[in-house]
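K.L.:
This is the structure I have questions about; it appears just below.
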Amino acid sequence: MSDPHELVVLNPATEEVVATVPAASEEDVAAAVVRATRAQPGWAALAPADRARLLRRFADTVDAHLEELAQLEVREAGHTVGNARWEAGNARDLLLYAAGGAERLLGKQIPVPGGWNVTFQEPLGVVGVIAPWNFPMPIAAWGSFPALAAGNAVVLKPAETTPLTALRLAELALQAGLPEHVFQVLPGHGHTAGRALVDHPDVAKIVFTGSTRTGREVMERCARLVKPVTLELGGKSPNIVFADADLTTALDPFSFLDNSGQDCCARTRILVQETVLEEAREFLADALAAVVVGDPADEKTQMGPLISRQQLDRVRSYVPEDAPALRGSAPDGPGFWFPPTVLTGERPDGRAAREEIFGPVAVLLPFTDEQDAVRLANDTPYGLSGSLWTRDLGRALRVSQAVRAGNLSVNSHSSVRYWTPFGGFKQSGLGRELGPDALTAFTETKNVFISNVSPSTEGPAQ
Ligand code: NAD
């Protein structure tokens, strides 16, 4: 039986223990919020240029430890080392971007009859960030760094399985000179530490990234306190491939295999125009067979393990052994391995076609024409991401307008650039992270009217 007071971090590629970390209790969260509440006004009172300077120093410190952070991510999350380096670099780059934002967080002056209205973007206070395990470093960064730049203090709860890089980031923040308690990381369980953060009356906003099921609960609990919440939730994104597309790039299997498919933006519904379905099937069969699955620390590896035994069991439940499928290969245990898989006999209303599996599994579904492609693409409760592939510009425009999702790519599979907004439609979330408005999301707008009527020289009215 596991100890509720500690978190055992396993290497998903070997099942060896990497570290054991104390799990924060409700009291620990309350104490962290008190410390954050005391530290925040001093942080907010710094001149924006001084806050920016400290954040840039934090970025330099992350940069100096980039390889160490990447290797830690490989060990605790099983990410391929190439991906892990990108993730650490993303955290560093976002710090630099947010630092610039601190210097440009401006209000407005609005002339009105009798004077001016002047608006101020004031920090919220203490922000709670709850992160999942699939991209521990970037998601910790997306929620925390713009909030810090806007003058808030942050209490971050990483996922149970992946607390180590976040803890290291907090150490690096102190090393860079950020004031104590402005950026605190509290590993812990969702139902204790996570809930305590959500329910705490002095936490002014929650940024939650995780499953739609938990996100719904977080939103309900925030509603009781009328607490603003940003939700970054699940996805079941389409990859719409028209017959005129270059199939070899459109059907890149890493559109759904990146991070072993544990990617909220994974294009796990491969929608292919029926006239090229056979060609697509043949291409995918070869592509899956060629994927190098194995030790994530090896530079040649393209796909690592799943995060945990629980996740492996979940993925297996969607892929019966006799299911019609194209399959690559995966190592035997130890470790949580599942082969790259495309299910070919699934119906659009089947479980694997509708639910987020969060593993290296996609479904292949044919469509007839543009209208049918849009109908299928939108036939999901999710709306996070998606790709569409065609040489017809008019069609690319029509389809990208018609698909209900927050982040679409035309003739590309990329989803995330930290200087552009990111977030989901429908049950994929609420609010946006990143992009030019990232800092504003961590402020309240105060509107002050300044009268142009001179006060009476005789002093205030009695
Ligand atoms: P999860 O919902 O199980 O957990 C996410 C976090 O919430 C963890 O830190 C967990 O401890 C905490 N938590 C759990 N119960 C809680 C509660 N009752 N109150 C407060 N906190 C609680 O999700 P997961 O399995 O860790 O992550 C995978 C999910 O995250 C997938 O659905 C994926 O699509 C989603 N995700 C979305 C995005 C996005 O940007 N939209 C990005 C990455 C992952």
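The values are calculated or read from the model by the stated rules, or taken from the named source; none is laboratory data. If you're wondering where the values come from, they're calculated on a predicted model, not measured in any experiment. Note that we place each Cβ from the backbone using ideal geometry, even for glycine, and neighbour counts take in every protein chain shown. For accessibility, only protein heavy atoms count, side chains too; no ligands or nucleic acids. Shrake-Rupley method; radii C 1.70, N 1.55, O 1.52, S 1.80 Å.
K.L.:
Can you tell me which residues in segment 407-451 are under 16 Å from Ala150 (Cβ atoms), in contact with a Phe, Trp or Tyr (Cβ under 6 Å, 6 or more places away or on another chain) and open to solvent by less than 70 Å² (accessible area, probe 1.4 Å)?
P.N.:
Passing the criteria: Tyr418, Glu433, Leu434.
K.L.:
If you take just the strands (runs of 3 or more DSSP E) that sit entirely in segment 178-250, which of them hold at least 1 residues that are modelled with pLDDT of 95 or more and small (Gly, Ala, Ser)? Give the derivation first.
P.N.:
Working: elements: 183-185, 203-209, 229-232, 238-241.
In segment 178-250, the matching strands (runs of 3 or more DSSP E) lie at 203-209.
K.L.:
For segment 303-323, state whether one or more residues are open to solvent by 20 Å² or more (accessible area, probe 1.4 Å), part of a loop (DSSP other than H, G, I, E, B) and under 22 Å from Val18 (Cα atoms).
P.N.:
Yes: one or more hits.
K.L.:
Restricting segment 19-64 to residues that are surrounded by fewer than 16 Cβ atoms within 10 Å (Cβ to Cβ) and of a type in the set (Val, Ile, Thr), which is farthest from Asp298 (Cα to Cα)?
P.N.:
Looking at residues that are surrounded by fewer than 16 Cβ atoms within 10 Å (Cβ to Cβ) and of a type in the set (Val, Ile, Thr), I get Val34.
K.L.:
Would you be able to tell me the number of residues in segment 338-355 that are crowded, with 21+ Cβ neighbours inside 10 Å and in a loop (DSSP other than H, G, I, E, B)?
P.N.:
Qualifying residue count, segment 338-355: 3.
K.L.:
If I ask for residues that are touching a Leu at 6+ places or on another chain (Cβ under 9 Å) and more than 6 Å from the ligand (Cβ to nearest atom), which ones from segment 201-212 would you list?
P.N.:
As a first pass, look at segment 201-212 and keep what is touching a Leu at 6+ places or on another chain (Cβ under 9 Å): 201, 203-212.
Once the filter is applied, which keeps residues that are touching a Leu at 6+ places or on another chain (Cβ under 9 Å) and more than 6 Å from the ligand (Cβ to nearest atom), segment 201-212 yields Pro201, Val203, Ala204, Lys205, Ile206, Val207, Phe208, Thr212.
K.L.:
Same structure, new question: If only one of Ala153, Ala193 is in contact (Cβ under 8 Å) with a residue 40 or more places away in the chain, closer than 18 Å to Val33 by Cβ, more than 19 Å from the chain's Cα centre (by Cα) and within 14 Å of the ligand (Cβ to nearest atom), which one is it? Write out each step before concluding.
P.N.:
Working: Ala153 fails: within 14 Å of the ligand (Cβ to nearest atom).
Among Ala153, Ala193, only Ala193 is in contact (Cβ under 8 Å) with a residue 40 or more places away in the chain, closer than 18 Å to Val33 by Cβ, more than 19 Å from the chain's Cα centre (by Cα) and within 14 Å of the ligand (Cβ to nearest atom).
K.L.:
Is it fair to say Phe145 is away from the ligand (no atom under 13 Å from the Cβ), closer than 19 Å to Ala438 by Cα and part of a strand (DSSP E or B)?
P.N.:
Working: away from the ligand (no atom under 13 Å from the Cβ): yes; closer than 19 Å to Ala438 by Cα: yes; part of a strand (DSSP E or B): no.
No.
K.L.:
Answer with yes or no whether Leu376 is in contact (Cβ under 8 Å) with a residue 40 or more places away in the chain, away from the ligand (no atom under 16 Å from the Cβ) and over 30 Å from Pro228 (Cα atoms).
P.N.:
Numbers: in contact (Cβ under 8 Å) with a residue 40 or more places away in the chain: yes; away from the ligand (no atom under 16 Å from the Cβ): yes; over 30 Å from Pro228 (Cα atoms): yes.
Spelling it out, Leu376 is indeed in contact (Cβ under 8 Å) with a residue 40 or more places away in the chain, away from the ligand (no atom under 16 Å from the Cβ) and over 30 Å from Pro228 (Cα atoms).
K.L.:
From the list Val218, Val293, Val229, exactly one residue is at negative phi, touching a Leu at 6+ places or on another chain (Cβ under 8 Å) and open to solvent by 20 Å² or more (accessible area, probe 1.4 Å). Which is it?
P.N.:
On the way: Val218 fails: open to solvent by 20 Å² or more (accessible area, probe 1.4 Å); Val293 fails: touching a Leu at 6+ places or on another chain (Cβ under 8 Å).
Just one listed residue meets the conditions, Val229.
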